[in-house]
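The values are calculated or read from the model by the stated rules, or taken from the named source; none is laboratory data. As the structure is a computational prediction, the values presented were derived from the model and not from experiment. Cβ sites come from the backbone with ideal geometry, for glycine too, and all protein chains shown count toward neighbours. Just so you know, the surface numbers come from the protein's heavy atoms only, side chains and all, with ligands and any DNA or RNA stripped out. Shrake-Rupley method; radii C 1.70, N 1.55, O 1.52, S 1.80 Å.
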Amino acid sequence: MPRVRVALESVAALLRGRRGAWTAAGALLVVCALVAVWVFGGDDEAASPPDARARQYQDVDACLLTGEDGIEAGTPAAAVWQGMEAFSGDTRVRVTHVPVMGEQSAANALPHLNGLIQRDCEVVLASGRAQTEAVRKAAPGHPGVRFVVVGSEGEGGGAEAGNVTVVAPGDDVPDQVAKAVGRAVNAVQR
């Protein structure tokens, strides 16, 4: 015990006066730095290379506006989504979908469509009567966005805007959608 007492008396002597205050401040600074390195630094995961399996996407988004059932199997949008995923797998274009909830009308679909445009979706696809009608009404006001609608040409009356592509419903919708999205992405990237 005498050694511990001598050590404590030596430390107490060092901490007295102005010199002691500077010594204590320096020791406190070193302790804080060590704690900061321990808490915030030394992350082995940050130093490792990125996961080789992670997809590197292009800076292009293709977004699908669907009915309330979304892309469930058996819905018209499911075939559209299948074509979009096939295109994305080949080209690394990001694809997403947004269902229009509530009343299935063009007026209710319009805010959802505007949300996709505000999210900078360069290509917007629509499946469903209300969704395609909303796209046909909004497309002329957004010439920088390419639109793809699945439905009969001119459905809802009037001629198509120059930035709207129509894919006719049928068995080959996934292939036709993939081709239409490819043309739209190429037009956007020019």
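Based on this model, can you work out whether Gln82 counts as open to solvent by 40 Å² or more (accessible area, probe 1.4 Å), assigned to a loop (DSSP other than H, G, I, E, B), touching a helix residue (DSSP H, G or I) at 6+ places or on another chain (Cβ under 9 Å) and touching a residue at least 12 places away in the same chain (Cβ under 8 Å)? Before you say what the answer is, go through the steps one by one.
Working: open to solvent by 40 Å² or more (accessible area, probe 1.4 Å): yes; assigned to a loop (DSSP other than H, G, I, E, B): no; touching a helix residue (DSSP H, G or I) at 6+ places or on another chain (Cβ under 9 Å): yes; touching a residue at least 12 places away in the same chain (Cβ under 8 Å): yes.
So Gln82 does not fit the description; no.
Under the condition of being without any contact (Cβ under 8 Å) to a residue 40 or more places away in the chain and open to solvent by less than 90 Å² (accessible area, probe 1.4 Å), which residue from the stretch 168-179 is nearest to Ile117 (Cα to Cα)?
Among those that are without any contact (Cβ under 8 Å) to a residue 40 or more places away in the chain and open to solvent by less than 90 Å² (accessible area, probe 1.4 Å), it is Ala168.
In the stretch 91-125, what count of residues is obtained for those that are in contact with a strand residue (DSSP E or B) (Cβ under 8 Å, 6 or more places away or on another chain) and closer than 19 Å to Ile71 by Cα? Write out each step before concluding.
Residues of the stretch 91-125 in contact with a strand residue (DSSP E or B) (Cβ under 8 Å, 6 or more places away or on another chain): 93-100, 109, 112-113, 115-117, 119-125.
Now narrow it down to the ones that are closer than 19 Å to Ile71 by Cα: 93-100, 109, 112-113, 115-116, 121, 123-125.
Adding up the residues that qualify gives 17.
In the list Ala161, Ala134, Ala109, which residue meets the criterion of being farther than 18 Å from Lys179 by Cα, open to solvent by less than 30 Å² (accessible area, probe 1.4 Å) and at pLDDT below 95? Explain how you work it out, then say what you get.
Details: Ala134 fails: at pLDDT below 95; Ala109 fails: at pLDDT below 95.
From the options Ala161, Ala134, Ala109, the qualifying one is Ala161.
Among (1) over 24 Å from Asn186 (Cα atoms); (2) of a type in the set (S, T, N, Q); (3) touching a residue at least 40 places away in the same chain (Cβ under 8 Å), which single condition is Gln131 missing?
(1)
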